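S.K.: I'd like to ask some things about the structure below.
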Amino acid sequence: MGDFVGPPLPPESPADNAFGAGFVGPPLPVPPADKMNIFDTPRNYLSGEFVDFVTRIDRFFGDDRHYQEVNDSVVQLDVIRIFGYGGEHKFVWSGRAKVRLPIAEQKLHLIVETDPDKNAGVDPKTTLSPQLKQPSTPQSYAAALRIEKRDAERWHLSADGGIKLAGLNSRPFARMRASLAVPMGLWRAKLAETAFWFNTTGAGETTQFDLERPISAPLLLRATSSATWLHDKQNFDMRQDISLIHALDERTALLYQASVVGVSRPHAQVMDCVLLALYRYRVHRDWTFIELSPQLHFPIDRDYRASPMFSMRLEILFDETR
């Protein structure tokens, strides 16, 4: 027996219309085929390849942005030796760890670190980035609980409170941090605000603004402006970096950077200017790295005369992605 085709359905009467008898609305428009908007290409690029590329760069360098914003467990141990200007003629170490706890929908972390007050902002003598850091033997240790909430590509919120141990003394401390990333064509702007209180420095706030753009697949251009305000000193410590990061392959990357570090009191002045190159190589698996960084400083305490420095760093860095 052939396919059965029933009689056609009767037309809908006006009384059956939901808007009442006698109403006949216009025919529904046929949706046009999707067209590529001129803003879709840069948006998709930023949300995909660009963000992934920047994240890989920050993860490879053990960048503070990665440590602060990644939601996985992270452990970072550094052994550093400085030769020349600022060197202490010995190896010094520092470390920090963030462990995600399997409670509170995995938004709670345990934080353990050395010298938490020195990591809170921009210090002209102990600057923010590892490649400029003039290390010293840890003077204190800290443990804290941190709660986080984030959107992986746009914003991140965190708040933590804990105890800092220095010898036999223990003091509470607190920090809050918020960051927001905004695409701007082929650029990305990122603003991060951190408020903190430590018994050694008092209350303070750090603002960091990043403007970054990939030049090509292996090259990233980044301009970073940072300023830390301390209530007790009524002073701003400020810093400007211009960086070019070149990812040579999966094991090797180069960073070229020019930096200016200054203060606002007793009057606005430049404390140091720095030119550096940094070679970072993954020695073993995905978690052992070595850095070599020749640097040229122009510090105010030497009347801005060129002062060479060479830093070496062995780093153990791993998270749940490694």
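S.K.: Could you please find all residues in segment 144-170 being buried (at least 16 other Cβ atoms within 10 Å of the Cβ) and more than 17 Å from residue 64 (Cα to Cα)?
M.R.: 144, 162, 164, 166
S.K.: Every residue in segment 255-266 that is without any contact (Cβ under 8 Å) to a residue 40 or more places away in the chain and either in contact with a Cys (Cβ under 9 Å, 6 or more places away or on another chain) or surrounded by fewer than 15 Cβ atoms within 10 Å (Cβ to Cβ) (or both), please.
M.R.: Residues satisfying the conditions are 256, 258, 260, 265, 266.
S.K.: Assess whether residue 317 counts as being among the aliphatic types (A, V, I, L, M), within 30 Å of residue 71 (Cα to Cα), in a strand (DSSP E or B) and at pLDDT below 90.
M.R.: Yes.
S.K.: Oh, and also: Considering only residues that are of a type in the set (A, V, I, L, M, F, W, C), more than 21 Å from residue 112 (Cα to Cα) and outside any strand (DSSP E or B), look in segment 131-188 and name the one that is modelled with the lowest pLDDT.
M.R.: Among those residues, the one meeting the criterion is 132.
S.K.: Can you name the residue in segment 223-270 that is of a type in the set (Asp, Glu) and assigned to a strand (DSSP E or B) and, of all such residues, is farthest from residue 188 (Cα to Cα)?
M.R.: Applying the filter and picking the extreme gives 237.
S.K.: Can you tell me which of (1) assigned to a loop (DSSP other than H, G, I, E, B); (2) among the basic types (Lys, Arg); (3) at pLDDT 90 or above is the one residue 213 doesn't meet?
M.R.: It fails just one condition, (1).
S.K.: Kindly provide the set of residues from segment 270-286 that are within 11 Å of residue 260 (Cβ to Cβ) and either within 21 Å of the chain's Cα centre (by Cα) or loosely packed, with under 15 Cβ neighbours inside 10 Å (or both), ordered by number.
M.R.: 275
S.K.: Quick one: in segment 198-214, of everything that is among the β-branched types (Val, Ile, Thr) and touching a residue at least 24 places away in the same chain (Cβ under 8 Å), which residue is surrounded by the most Cβ atoms within 10 Å (Cβ to Cβ)?
M.R.: Taking the candidates together, the pick is 206.
S.K.: Only residues that are touching an Asp or Glu at 6+ places or on another chain (Cβ under 8 Å), farther than 28 Å from residue 52 by Cβ and modelled with pLDDT of 90 or more: list them for segment 189-201, please.
M.R.: Result: 195, 196, 198.
S.K.: Does residue 221 fit the bill of being over 28 Å from residue 148 (Cα atoms) and at pLDDT 90 or above?
M.R.: yes
S.K.: OK, next. Are there any pairs, at least 6 apart or on different chains, whose C-beta atoms fall under 6 Å, with the first in segment 74-98 and on the phi > 0 side of the Ramachandran plot and the second outside any strand (DSSP E or B), and if so, which?
M.R.: Pairs that qualify, where the first residue is on the phi > 0 side of the Ramachandran plot and the partner is outside any strand (DSSP E or B), are 86/134.
The values are calculated or read from the model by the stated rules, or taken from the named source; none is laboratory data. Just so it is clear, the model here is predicted, and its values are computed rather than measured. Don't worry about glycine lacking a Cβ; one is built from the backbone with ideal geometry, like all the others, and counts go over all protein chains shown.
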